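**Student:** First the structure, which I've put down as structure tokens, then a few questions once you've had a look.
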Amino acid sequence: MNPSILVAQNLSKVVSSAEGELTILHGLDLDLARGASLAIVGSSGSGKSTLLGLLAGLDLPSAGEVALAGHSLAGLDEDRRARIRAEHVGFVFQSFQLLDTLDALANVMLPLELEGRADARERARELLERVGLGQRLAHYPKQLSGGEQQRVAIARAFAAEPDILFADEPTGNLDSQTGERISDLLFALNQERGTTLVLVTHDERLARRCQRLIRLEAGRLVASEP
Ligand SMILES: Nc1ncnc2c1ncn2[C@@H]1O[C@H](COP(=O)(O)OP(=O)(O)OP(=O)(O)O)[C@@H](O)[C@H]1O
Ligand SMILES: [Mg+2]
């Protein structure tokens, strides 16, 4: 098995805006080993969320290639990418993207039901307990605080036991104690199940817990540690 779970080569993203073409990522390279943890840092607008979307196969680059869990995403249509994501990827969006018509429990159960798991309800309940929301199972997203919605989104991303978890500011709306608890959960998953973590974060404590760190500035990779 290829030891790399994620490889990006010469990744660029160009978008068209009112001012004409705008390059928001300039030829990035990345190679991440299975089971590793990576923090992506950089100021607002530097291209972190754009990069995360490309790495996870949610969006296609303007140039360059991504290989995810041994599958090259180049030229694959949305259906095929969706199948690869369903098998390997968990994603926590910066904007959570919970389904408003489902309560917390049903949001977390959904990916498990899609997999046909008989223990969907039980497992969803357990995950929500682990993120501290055991008392909010029947709350709809509108009835949850921002940080609570974020924790439902994290529980949902864990649900299908992904090989690689992408999370965009997973502690962005949390107080430091709750953020620490979520960080502990992320790294427990990393240790226990070998889940690869790719985290966009402004949270220095979270970034420091990752084995590797890359910094973006205006769409360019300016630092990579170690
Ligand atoms: N579809 C688009 N069309 C035009 N510009 C875009 C588009 N998507 C992103 N951008 C621009 O690209 C830049 C990078 O955006 P991105 O969301 O990746 O930044 P970020 O590093 O995640 O910022 P933040 O920390 O604020 O979340 C921004 O300047 C943004 O305005
Ligand atoms: Mg962002």
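**Student:** Report the rotationally averaged projected area of segment 4-72 based on its alpha-carbon convex hull, in square nanometres. Mind showing how you got there, number by number?
**Tutor:** On the way: hull surface 19.1 nm².
Orientation-averaged projected area of the Cα hull: 4.8 nm².
**Student:** Related question: Provide the descending list of Cα extents for segment 63-102 along its principal axes, expressed in whole angstroms.
**Tutor:** 35, 19, 17 Å, listed from the longest principal axis down.
**Student:** Here is a follow-up. Give the shape of segment 139-178 as rounded, prolate or oblate, defined through the alpha-carbon gyration tensor: a ≥ b ≥ c are the square roots of its eigenvalues, a/c under 1.5 means rounded, and otherwise the shape is prolate if a/b is larger than b/c and oblate if not.
**Tutor:** Taking the square roots of the gyration eigenvalues as a ≥ b ≥ c, segment 139-178 is oblate.
**Student:** If you don't mind, there's one more thing I want to ask. Run through every distinct alpha carbon pair of the chain and return the Kirkwood hydrodynamic radius in angstroms, one decimal place. Intermediate values should be presented prior to the final figure.
**Tutor:** Working: mean 1/r = 0.0559 Å⁻¹.
Evaluated over the chain, this radius sits at 17.9 Å.
**Student:** If amide hydrogens are placed 1.01 Å from N in the peptide plane, which non-local residues have theirs closer than 5 Å to the one on residue 42?
**Tutor:** Distant-sequence amide H within range of residue 42: 216.
**Student:** Using only the Cα atoms of segment 47-119, build the gyration tensor, take square roots of its eigenvalues as a ≥ b ≥ c, and label the shape rounded, prolate or oblate: rounded if a/c is under 1.5, else prolate if a/b is larger than b/c, else oblate.
**Tutor:** Judged from the Cα gyration tensor, segment 47-119 comes out oblate (a/c at least 1.5, b/c at or above a/b).
**Student:** Which ordering of 77, 163 is given by a fewest-first count of other beta-carbon atoms within 10 Å?
**Tutor:** 77, 163
**Student:** Which whole-number percent gives the relative contact order of the chain, counting Cα pairs below 8 Å spaced six or more residues apart?
**Tutor:** Averaging sequence separation for qualifying contacts and normalising by length gives 28 percent for the chain.
**Student:** So what's the gap between the Cα centers of segment 73-144 and segment 184-219, to the nearest angstrom?
**Tutor:** 21
**Student:** If each Cα of segment 115-217 is one equal point scatterer, what is log10 of I(q)/I(0) from the Debye formula at q = 0.20 Å⁻¹?
**Tutor:** Rounded to two decimals, the profile gives -1.08.
**Student:** May I pose another question? Over the Cα atoms of segment 36-86, Rg to Rh with Kirkwood Rh, two decimal places?
**Tutor:** That ratio is 0.99, to two decimals.
**Student:** Residue 10 versus residue 205, label points 7 Å from Cα toward the beta carbon: distance in nm?
**Tutor:** 4.3
**Student:** May I ask you to derive the relative contact order of segment 55-157, considering only C-alpha pairs under 8 Å and at least 6 residues apart, and to give it as an integer percent?
**Tutor:** The value is 28 percent.
Coordinate-derived values only; no laboratory data. Predicted model only: the values in this text are computed from it and were never measured. Cβ sites come from the backbone with ideal geometry, for glycine too, and all protein chains shown count toward neighbours.
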